1. Check every one of the strands (runs of 3 or more DSSP E) wholly within the stretch 20-94 and list those with 1 or more residues that are farther than 30 Å from residue 206 by Cα and under 19 Å from the mean Cα position of the chain (by Cα).
2. Which residue, of 137, 69, 107, 92, is farther than 30 Å from residue 197 by Cβ and either within 16 Å of the ligand (Cβ to nearest atom) or in contact with a strand residue (DSSP E or B) (Cβ under 7 Å, 6 or more places away or on another chain) (or both)?
3. Step by step: first the residues of the stretch 1-19, then only those that are within 18 Å of the chain's Cα centre (by Cα) and surrounded by 18 or more Cβ atoms within 10 Å (Cβ to Cβ), then the one that is modelled with the lowest pLDDT. Which residue is that?
4. Checking residue 274 against (1) modelled with pLDDT of 95 or more; (2) under 16 Å from the mean Cα position of the chain (by Cα); (3) more than 10 Å from the ligand (Cβ to nearest atom), which test does it fail?
5. Which condition number in (1) crowded, with 21+ Cβ neighbours inside 10 Å; (2) modelled with pLDDT of 90 or more; (3) within 14 Å of the ligand (Cβ to nearest atom) is the one that residue 157 fails?
6. Is there a residue in the stretch 140-148 that is in a helix (DSSP H, G or I), more than 15 Å from the ligand (Cβ to nearest atom) and modelled with pLDDT under 95?
7. Among the residues in the stretch 73-88, are any closer than 22 Å to residue 278 by Cα, within 16 Å of the ligand (Cβ to nearest atom), crowded, with 20+ Cβ neighbours inside 10 Å and free of Cβ contacts under 8 Å to residues at least 12 places away in the same chain?
Ligand SMILES: Cc1cc2nc3c(=O)[nH]c(=O)nc-3n(C[C@H](O)[C@H](O)[C@H](O)COP(=O)(O)O)c2cc1C
């Protein structure tokens, strides 16, 4: 039995060949931004309150009017079929069982209609990359809407792909080419190799279908990496509104100015995100930017955050710093592909952690720390206090 996301990560490293694990696990350049993301949570400690009646702690929350078991969303990750066949369907099922929303990437390897069939009751969201041929995005939105996806997540931090040293070193390119190194990797990971041999190479099936072509990984991966629409701007949210009637969230916002622009252009939410530190090699951790952005857009739009969240205490730390929700992408993928049966079924590695953590920290009734609880920036908090590891009280 594995006890934490960190342990699922180790199991995934054993199960996957290096090239696939590094793609899943690594950050831009040599990983500075990625390390900063999780390091930011380590900077904050809780100062618990006691005897506060924690009998009603619950981590349940509403996302746009629909209840979820926790303030967590299984975020979008492209190319999941590289880790296991039908991985998008398995993840959507796990999220649905855990009563959490699941976001399907444009770069997914299962048809969005098949993902819906695998999780008929699930709250499914669609992530959108916009390519030069806008007809592809328009068709994806039409199909996702017809399949009952509730929310569109427009990712705006990938005009070009981040440079990742580990992918360069590993010779990572799509489709995978059988080099002596990859062959050795395959031989030492026979279960993965057997599954891949049976299922065939993963394909970017949704792009292929919306382009109206047969699946061709090298062609469609090249479209994603070299044919993104570099002219995309804020006014294009109006174009999206013409093709999507559900909620629209902008993912990849890292500053107050852009968050305000998202509000001005009618976004229903923003995700403070640096793409898990996979795009820009040196940048802030989303957690560091959270208070300023929430101060600026409070009450005008929903604020989500991702990057480096690995435990219930991280999620509560983020709540104490005032974002309402967390999208936990890497963390959800690790239990999915570690090979553990429980991991494959569970989209959350530390089930129940959030509510238990709230009880330990003395948060009565698991009060929402969003509005009214953290006041005067983050220096006073009427429930438990958060303290930076250096000792500065908050
Ligand atoms: C393997 C992998 C693939 C990803 N693919 C996408 C994607 O297709 N679209 C997207 O918007 N974000 C993508 N992301 C970024 C995540 O949605 C999320 O922003 C990031 O992983 C959060 O950081 P964390 O991994 O530390 O939780 C990907 C992340 C990983 C790890």
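1. 61-63
2. Just a single option satisfies the conditions, and that option is 137.
3. This residue is 5.
4. (3)
5. The failed condition is (1).
6. no
7. Taking every residue of the stretch 73-88 in turn, none turns out to be closer than 22 Å to residue 278 by Cα, within 16 Å of the ligand (Cβ to nearest atom), crowded, with 20+ Cβ neighbours inside 10 Å and free of Cβ contacts under 8 Å to residues at least 12 places away in the same chain.
The values are calculated or read from the model by the stated rules, or taken from the named source; none is laboratory data. In this text the structure is predicted, and so the values were computed from the model without any measurement. Ideal geometry is used to build each Cβ from the backbone, glycine not excepted, and the neighbour counts take in all protein chains shown.
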